[in-house]
Amino acid sequence: SIPLGFFGGIGLASKNGILVKGGNYLEALNSVDKIVFDKTGTLTKGSFEVAEVKSHSSYSADELLNLAAEIEQFSNHPIALSIIDAAGSFENHSSNSQYEEISGAGIKAKLNGKTYLAGNKRLMENNNIKLEDHEKNATVVYLAEEGNYLGHILISDQIKEDSYEAIKKLKAMNITNITMLTGDNDSTAQDVAFKLGINHYYAELLPDQKIEKIESLLDKKGKLAFVGDGINDAPVLARSDLGIAMGALGSDAAIEAADIVLMTDEPSKIATALEIAKKTKRVVW
Ligand code: ADP
Ligand code: MG
């Protein structure tokens with residue numbers, strides 16, 4: 001017979017801003033025993049702000065910020081946008097300038113004949129730049145010119161209020177296996193995980209390593225749901241038992257790859273989805 005309850009459940013979910021792409025995914029929610037969250041833009045607001053600029057060169061802090069914006073103009077990563085926002089005036093370069101965006105690391109650009117780097121510790125290490133300082137509990141963009149370290153910019157992001165609610169609700173529903181993945185540095189990740197009460201986290205992951213991590217967490221006991229904001233995480237959404245994308249920021253590729261799309265950026269909608277799936281099951285069987 002036709003499981004009418006599934007249609008009812010999908011309708012109820014959509015009324016709550018949760019798009020479920022099929023009854024099988026609604027049913028699969030009932031077997032979820034592990035939830036993996038992406039950090040930036042999912043658990044945190046992903047709206048970064050420049051908190052501090054520290055120059056270790058002859059550039060003043062303002063000059064360094066403007067230079068960073070000049071390099072970051074080739075990226076539309078939220079970190080890049082925050083730097084461009086905070087900067088004063090800087091030289092605009094055409095999109096046919098020589099530059100490379102290194103996913104999960106930063107930007108390399110050739111400007112006025114010089115090679116610049118803006119990105120994380122990994123980017124600097126891979127280019128043999130010796131950092132003269134390391135920051136804790138913050139997202140940091142390090143800068144280099146022609147192989148020389150120039151200084152860094154501290155970027156702050158905030159945990160969404162709703163993320164606290166989400167983790168509390170999931171735990172109350174007996175989903176205690178909660179993991180956070182991020183490309184961000186270890187100390188920032190630890191800080192966010194600790195504040196939210198998330199017991200497992202993995203930091204400094206490149207996009208491919210996020211997929212490997214998901215693969216290592218999959219098992220036959222229960223289903224794994226991955227929740228991401230859809231920036232760079234379409235392959236991870238596709239590889240999970242249940243891929244859940246947050247619609248507001250998500251790319252078309254992520255929405256395509258996801259099984260469930262949340263129309264708002266509230267992680268607590270996962271708990272709502274689980275509740276709806278449970279109710280639907282009761283109606284069907
Ligand atoms: P997350 O996994 O937290 O969503 P991403 O994979 O988007 O993070 O990025 C991981 C890290 O790579 C960032 O925390 C940042 O350090 C660095 N990064 C990525 N893109 C840029 C950029 N355009 N400028 C500077 N740093 C960047
Ligand atoms: Mg992300």
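The values are calculated or read from the model by the stated rules, or taken from the named source; none is laboratory data. Everything quoted here is computed from the prediction, not taken from an experiment. Glycine also receives a Cβ, built like all others from the backbone with ideal geometry; neighbour counts cover every protein chain displayed.
Please give the strands (runs of 3 or more DSSP E) falling wholly within segment 130-206 in which 1 or more residues are at pLDDT 95 or above, of a type in the set (Asp, Glu) and in contact with a Ser or Thr (Cβ under 9 Å, 6 or more places away or on another chain).
It comes to 139-145.
Looking at this structure, is Ile255 buried (at least 19 other Cβ atoms within 10 Å of the Cβ) and assigned by TED's automatic domain parsing to the domain that holds Ile18?
no
Within segment 79-128, count every residue that is away from ligand 2 (no atom under 16 Å from the Cβ) and in contact with a Ser or Thr (Cβ under 6 Å, 6 or more places away or on another chain).
Residues meeting the conditions: 1.
Let's see how each residue does on (1) surrounded by fewer than 23 Cβ atoms within 10 Å (Cβ to Cβ); (2) farther than 20 Å from Lys45 by Cα; (3) touching a Leu at 6+ places or on another chain (Cβ under 6 Å); (4) not assigned by TED's automatic domain parsing to the domain that holds Leu123:
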residue	(1), (2), (3), (4)
Ile175	yes, yes, no, yes
Ser187	yes, no, no, yes
Val192	no, no, no, yes
Lys195	yes, no, no, yes
Asp208	yes, yes, no, yes
Ser216	yes, yes, no, yes
Asp219	yes, yes, no, yes
Asn232	yes, no, no, yes
Met246	no, no, yes, yes
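When you go through (1) surrounded by fewer than 16 Cβ atoms within 10 Å (Cβ to Cβ); (2) closer than 18 Å to Val50 by Cβ; (3) away from ligand 2 (no atom under 16 Å from the Cβ); (4) not basic (Lys, Arg) one by one for Asn76, which number turns out not to apply?
Answer for Asn76: the failing condition is (3).
How many of the residues making up segment 25-48 are more than 14 Å from ligand 1 (Cβ to nearest atom), surrounded by fewer than 22 Cβ atoms within 10 Å (Cβ to Cβ) and over 25 Å from Glu212 (Cα atoms)?
Of the residues in segment 25-48, 1 are more than 14 Å from ligand 1 (Cβ to nearest atom), surrounded by fewer than 22 Cβ atoms within 10 Å (Cβ to Cβ) and over 25 Å from Glu212 (Cα atoms).
Within segment 171-185, track down each residue that is among the charged types (D, E, K, R) and either within 16 Å of ligand 2 (Cβ to nearest atom) or in contact with a strand residue (DSSP E or B) (Cβ under 6 Å, 6 or more places away or on another chain) (or both).
Asp184
Just name the residue that is nearest to Gly106 (Cα to Cα) out of those in segment 214-225 that are in contact (Cβ under 8 Å) with a residue 40 or more places away in the chain and assigned to a helix (DSSP H, G or I).
Filtering first and then ranking leaves Ile214.
Considering only segment 224-271, state which residues are modelled with pLDDT under 95 and among the hydroxyl-bearing types (Ser, Thr, Tyr).
Answer for segment 224-271, where residues must be modelled with pLDDT under 95 and among the hydroxyl-bearing types (Ser, Thr, Tyr): Ser251, Thr264.
Yes/no matrix, rows are residues, columns are (1) buried (at least 20 other Cβ atoms within 10 Å of the Cβ); (2) closer than 16 Å to Ala203 by Cβ; (3) of a type outside the set (A, V, I, L, M):
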residue	(1), (2), (3)
Ser94	no, no, yes
Gln98	no, no, yes
Gly113	no, no, yes
Gly119	yes, yes, yes
Ala138	no, yes, no
Val141	yes, no, no
His152	yes, no, yes
Ser156	no, no, yes
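Output the number of residues of segment 22-34 satisfying the condition of being among the hydrophobic types (A, V, I, L, M, F, W, C) and farther than 11 Å from Asp241 by Cβ.
Adding up the residues that qualify gives 1.
I want to confirm something. Restricting to segment 127-144 and keeping residues that are in contact with a Leu (Cβ under 8 Å, 6 or more places away or on another chain) and of a type outside the set (A, V, I, L, M, F, W, C), which single residue is farthest from ligand 1 (Cβ to nearest atom)?
Here the answer is Asn127.
Please list, ordered by first then second residue, the pairs with beta carbon atoms under 9 Å, 6 or more apart or interchain, first in segment 43-57 and without any contact (Cβ under 8 Å) to a residue 12 or more places away in the chain, second surrounded by fewer than 17 Cβ atoms within 10 Å (Cβ to Cβ).
Matching pairs, first to second residue: none at all.
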